[in-house]
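Heads up, the thing below is written out as structure tokens.
The values are calculated or read from the model by the stated rules, or taken from the named source; none is laboratory data. What you see is a predicted model; the values in this text were computed from it and never measured. When we count neighbours, we look across all protein chains shown, and the Cβ atoms used for this are built from the backbone with ideal geometry, even at glycine. Accessible surface areas use protein heavy atoms only, side chains included; no ligands, DNA or RNA. Shrake-Rupley method; radii C 1.70, N 1.55, O 1.52, S 1.80 Å.
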Amino acid sequence: MKRHTRFMLTLPLLLALQAQAFDWPQEEVASDSFYSYFGQLRGGRIESSLIFKDNADIKLADEGTVAIIISEHNNDFGWFESTLGNAVVVSHNDSLVTSYGNLDGDTIPSKLYEEDAVTAGTALGASGNSGWQQSQSCLEFQVLDTKNRSAINPRLLMPRINSELPLDIGALTLDTQDGKTYSLGSVRNLSAGTYSLYRTRQDVATPYRTNVSINGATVESIAYDTIIEDSGKLCVVGNQKYSVKELYPDDKRQLLAMLRLTRGHTTLQVTLIDLLEHTRQITYNLDIN
């Protein structure tokens, strides 16, 4: 097993991302060819990787330096956010690190154990089922910003595909602080107070950004471009840092906003935005007593 500098991958602070283009780590696929998207609920946590669906040959996304090759399950590597199985970890410019997990260990080229500098497109092996997802012979691709200490949505840095999975707003519900749930499909009169607004979660696709406005003014925008860590919990950022229990209170719902509704006629608008800036939008007119 080859070991270079160890990167501490805790993610306590979110700062601006410096753009850097990566090639695809395998042949380009369609938008429905991912097992799990960045930011999705997976295994009881917020997914900080992009999980491809099919077995494929894996290649380096950009030139860099081989930092670590993990060739076996080992508690020594518990600082990773997931059990990557056989994996290659490469450091790049701008303090970025990419990891290629769930590889077939027998296919990792032996020359990688001897080389430091590697070029874009260098073969890293084939995807396998060594990672924690087990039986899924697919790549787990992760991008980390070690300077700003955050996990980055890999698709922000990869060439765009021509289409995205359609976003479905689904059923919208409002939860009160004392646990009562109201469906926006059937209620128009509500009491003033603080509410949690949820949508029905999709199994694979997740928005790049969600936006909620009241009477034309944005009151909450949650972005799925980076994931940070706060007090030991992975979080996405909106008006505050949302952990998995807040963002996904169960396996059916996804948080859109924490709202304060005041008395009067209220126009509530929900917008979902994908990576190509396509939007899905719905508006409700409410009377708040």
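In region 223-258, how many are assigned to a strand (DSSP E or B) and either modelled with pLDDT of 95 or more or not acidic (Asp, Glu) (or both)? Steps first, answer last, please.
The first filter runs over region 223-258 and keeps only residues assigned to a strand (DSSP E or B), leaving 223-230, 233-237, 241-243, 253-258.
Subsequent filtering for residues that are either modelled with pLDDT of 95 or more or not acidic (Asp, Glu) (or both) retains 223-224, 226-228, 233-237, 241-243, 253-258.
Going through region 223-258 one residue at a time, the tally reaches 19.
Checking residue 203 against (1) charged (D, E, K, R); (2) touching a residue at least 60 places away in the same chain (Cβ under 8 Å); (3) within 30 Å of residue 21 (Cα to Cα); (4) open to solvent by 60 Å² or more (accessible area, probe 1.4 Å), which single condition isn't satisfied?
Just one mismatch for residue 203, condition (2).
Are any residues in region 108-121 touching a residue at least 24 places away in the same chain (Cβ under 8 Å) and touching a Gly at 6+ places or on another chain (Cβ under 8 Å), and if so, which ones? It would help to see each step written out before you state the result.
Keep residues of region 108-121 that are touching a residue at least 24 places away in the same chain (Cβ under 8 Å), which gives 108, 112-113, 115-121.
108, 117, 118 - these are the residues of region 108-121 that are touching a residue at least 24 places away in the same chain (Cβ under 8 Å) and touching a Gly at 6+ places or on another chain (Cβ under 8 Å).
When only residues in region 149-169 that are open to solvent by 20 Å² or more (accessible area, probe 1.4 Å) and not charged (D, E, K, R) count, which is nearest to residue 225 (Cα to Cα)?
Filtering region 149-169 for residues that are open to solvent by 20 Å² or more (accessible area, probe 1.4 Å) and not charged (D, E, K, R), the one nearest to residue 225 (Cα to Cα) comes out as 156.
Taking into account only those residues within region 185-212 that are over 20 Å from residue 222 (Cα atoms) and part of a loop (DSSP other than H, G, I, E, B), which is modelled with the lowest pLDDT? Show your work before the answer.
Here is the first cut: in region 185-212, the residues over 20 Å from residue 222 (Cα atoms) are 185-193.
Those still in the list that are part of a loop (DSSP other than H, G, I, E, B) too: 185-188, 191-192.
On the way: 185: 89, 186: 93, 187: 93, 188: 93, 191: 96, 192: 96.
Checked region 185-212; the qualifying residue modelled with the lowest pLDDT is 185.
Answer yes or no: is there a residue in region 128-147 that is open to solvent by 40 Å² or more (accessible area, probe 1.4 Å) and modelled with pLDDT of 90 or more.
No, there is no match, as no residue in region 128-147 is open to solvent by 40 Å² or more (accessible area, probe 1.4 Å) and modelled with pLDDT of 90 or more.
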